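Notes follow once the structure below has been shown.
The values are calculated or read from the model by the stated rules, or taken from the named source; none is laboratory data. Keep in mind that what you see is a predicted model, and the values were worked out from it rather than measured. Cβ sites come from the backbone with ideal geometry, for glycine too, and all protein chains shown count toward neighbours.
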Amino acid sequence: MTADRSAGAGSPARSGTPAADGGPAGSPARTGTAAPDGIPTRPSSSAEGAARRLLGLLAADAPAEELASQPARSRAAGVPAPDIAGVERATETALSVRRVLDQHRRREAELVALFDTAGDLAALRDLDAVLRAIVRRARTLLGSDVAYLTLHDPLARDTFMRVTDGSVSAAFQQLRLGMGEGLGGLVAQTARPYASTDYRTDRRYRHTGTIDDGVAEEGLRGILGVPLRLGEEVIGVLFAADRTPREFTPDAIALLGSLADHAAVAIDGARLLEETRSALTRLEAANATARAHAEALHVASDAHDRLTRLVLRGAGIDDVAAEIAALLRGGVAVHDTDGSELARSGTEPVAPSAETLTASRTDGRAIHADGVWTSAVLAGSESLGSIVLTGRSELPEADRRLFERAALVTAMLLLMRRSVAETEDRVRGELLDDLLADPAASPRWDGGSLTLRARRLGVHLSRPHAVAVLDSEPALRPRLAEETARRARRLGGLAGIRHGRVVLLAPSEAPGALARTLAADLARALGAPVTAGAAGPGHGPEHLAALHAEALRCVTALHALDRTGEGADIAELGFIGVLLGDRADVGTYVERVLGPVLAYDSTRGTDLLRTLRAYYDQGGSLSRAKDALHVHVNTVVQRLDRVAQLLGPDWNTPARALETHLALRLHQLTRPETGAGPRA
């Protein structure tokens, strides 16, 4: 038999058994020999030797099982019973020491793991990465099947599943736990850790169908949850769970709690860092916006200065339009209040729509429609016109503001022009008053001086001129005067107000056509009827007073004849014009009324004129007319049919008949009949 390994080295061996050191049976033990475990021994009692052997095993970090087996081995070696009790006491002490060492070693390992975890979490900057690391480390430290983390939702007043590790159930990963619901809801509500050996059968917690279904689908049994706390605030819950029942020890609970404390700090740090990054990003964006805005303001201010200097140097609207087009890299057109073009650069003729212009006036902003940008040119609430930009489908905010600044500069230029024009109109109006004064009634009237003054204003009275008197509703007369003055500048004439009526003096050889054009154009500008009576043409300043008087009678006659809103001259008023005109041109009147008949008789040798006069002299009777002419009645009918072809089908209406009969009488007075032979 071999000796018990628990026996001390050098102790006397029993008779018939080998010595503890392997010597022959019955031989005395040698001092300084080694025990089977290699520890030097000296002769001692069996209990003392067992104690020394147990210390050696502890020093060699032998497993607890080997320590616990020492009493049995001593018995097997034949150690006396009294010594066995000492061996057992020594073994119990060794096992107690071993447990303490194991506990310290485990605690040391946990502390190292927590230290490493804290270092790992501190190195992470992304919140998602921090949360994943926390859950993964919790699962590793506790050796659990699943680990997961829920965060508090202050708006919904519950907690929601944020990160899982080891989970396979989609329903479980989407769970939300109300305060006090389930194990996790209770942890979040009370800020205390809770554990359940088997959650399915544990009735200490408030079970809900949703939570139980999710836990069952994941297959969880043993669950441990600890709060994630920042001071007094619970921001979430950290869990470790197994798919089998598990009794979580206080050490496990403390370990997960320590990890949760580190995790809460890391989560708060990651959140703060994320908020800081977000704030920095917003700050950078704000700085970029501020820089862009400052640059845009600088560009707009520089452009405004350039345009303003251009205006102050006396540049015209064409120069300003060209500069705006260059600044905005497009085409520009500037229009007056009536839509007439004042200037254009880099674009074809284009006019803003009424709807777009109205919207721009209302909003005070540039409006994009139909492929062009339109900005109203305003002086306060007064509209001075519009400016149109083409060739730019998209207009960044900076360019849009620049375009709107250009409209302001254009308004300034138009105001300056209007001020100059008003001054000039005042001078022109004074000249017009002097020109229309009756030379006979003014002893100081000097035609030569007036002609010189007119030439200085660009009006050459040596050319044929017509005088037009214009009338509209009394409330609209100031606007009518303004629009007429604008038209006078365009025509190279003069305009003003005389005796309460607007008067225009303009170069023209066709006063009737001028009157009709003025009536139509000014009516469109005012949105109301305009009546225009004209007279002329006249050469030199001495005839203008008479022309004005005739034009005034003409406009009065138009109202009397119920032709308000029309334009005409005296000649176009028929016999009324002959009666009203100072310069009654009978020949022209006769030619206008009877010209086609006179020409037909002259070229064909017919007698239509005499037949027409006989018809009227006989009161429109065909039978009496044929007797006066000594022809057959059919001949009279045929001749009158020819007259209808020449003068128009309405030749015998009352109004035309009066004109025709008067023209026949005047022709008879001025050109006696030559006795041309009658022909059909």
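Scanning the stretch 483-538 for residues that are among the polar types (S, T, N, Q) and either buried (at least 22 other Cβ atoms within 10 Å of the Cβ) or not assigned by TED's automatic domain parsing to the domain that holds Ser462 (or both) returns Thr484, Ser508, Thr531. Residues of the stretch 626-641 that are at pLDDT 85 or above, of a type in the set (A, V, I, L, M, F, W, C) and farther than 16 Å from Pro596 by Cβ: Ala628, Leu629, Val631, Val633, Val637. Across the stretch 412-445, the qualifying residues are those that are farther than 17 Å from Leu504 by Cα and surrounded by 14 or more Cβ atoms within 10 Å (Cβ to Cβ), and the one among them that is modelled with the lowest pLDDT is Trp445. Listed here are the helices (runs of 4 or more DSSP H) enclosed by the stretch 446-539 that have at least 3 residues being within 19 Å of Ser340 (Cβ to Cβ): 477-491, 511-526. The selection criterion, being under 30 Å from Arg221 (Cα atoms) and either among the polar types (S, T, N, Q) or out of contact with any Pro (no Cβ under 7 Å at 6 or more places or on another chain) (or both), holds for Ala241. Residue by residue through the stretch 525-559, note down the ones that are free of Cβ contacts under 8 Å to residues at least 12 places away in the same chain and closer than 21 Å to His465 by Cβ. Within the stretch 525-559, just His543 meets the criteria.
Scanning the stretch 325-367 for residues that are in contact with a Phe, Trp or Tyr (Cβ under 8 Å, 6 or more places away or on another chain) and within 28 Å of Arg524 (Cβ to Cβ) yields Ala366, Ile367. Assigned by TED's automatic domain parsing to the domain that holds Gly565 and surrounded by fewer than 20 Cβ atoms within 10 Å (Cβ to Cβ), is that true of Pro396? Considered against the rule, which asks whether it is assigned by TED's automatic domain parsing to the domain that holds Gly565 and surrounded by fewer than 20 Cβ atoms within 10 Å (Cβ to Cβ), Pro396 comes out as no. For the stretch 163-212, what are the residues that are acidic (Asp, Glu) and either buried (at least 16 other Cβ atoms within 10 Å of the Cβ) or under 49 Å from the mean Cα position of the chain (by Cα) (or both)? Hits for the stretch 163-212 are Asp165, Glu181, Asp202.
When Ala644, Ala676 are checked against the criterion of being surrounded by fewer than 17 Cβ atoms within 10 Å (Cβ to Cβ), hydrophobic (A, V, I, L, M, F, W, C) and modelled with pLDDT under 75, Ala676 stands alone in meeting it. Just one of the listed residues (Val334, Val350) is touching a residue at least 24 places away in the same chain (Cβ under 8 Å) and touching a Gly at 6+ places or on another chain (Cβ under 7 Å), and it is Val334. Please verify whether the stretch 90-105 includes one or more residues that are assigned to a helix (DSSP H, G or I), within 26 Å of Ala191 (Cα to Cα) and at pLDDT below 65. Checked against the condition, which is being assigned to a helix (DSSP H, G or I), within 26 Å of Ala191 (Cα to Cα) and at pLDDT below 65, the stretch 90-105 yields no hits at all. Looking for something over 14 Å from Val530 (Cα atoms), buried (at least 17 other Cβ atoms within 10 Å of the Cβ) and modelled with pLDDT of 85 or more - is there at least one such residue anywhere in the stretch 446-466? Yes - at least one qualifying residue is present in the stretch 446-466.
Within the stretch 119-156, take every residue that is assigned to a helix (DSSP H, G or I) and among the β-branched types (Val, Ile, Thr) and give me the one that is modelled with the lowest pLDDT.
Val130
Within the stretch 255-266, residues that are at pLDDT below 80 reach no partner that is small (Gly, Ala, Ser) and not in a helix (DSSP H, G or I) with beta carbons closer than 8 Å at six or more positions or on different chains.
Every residue, every condition in (1) part of a helix (DSSP H, G or I); (2) at pLDDT 85 or above; (3) within 21 Å of Gly648 (Cα to Cα), yes or no:
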| site | (1), (2), (3) |
| --- | --- |
| Val578 | yes, no, no |
| Asp582 | no, no, no |
| Leu598 | yes, yes, yes |
| Thr611 | yes, yes, yes |
| Arg624 | yes, yes, no |
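Just to be sure, is Glu108 acidic (Asp, Glu), loosely packed, with under 12 Cβ neighbours inside 10 Å, modelled with pLDDT of 75 or more and within 30 Å of Ala252 (Cα to Cα)? Criteria not met by Glu108. Residues in the stretch 295-316 that are over 11 Å from Leu402 (Cβ atoms) and buried (at least 17 other Cβ atoms within 10 Å of the Cβ): 2 in all.
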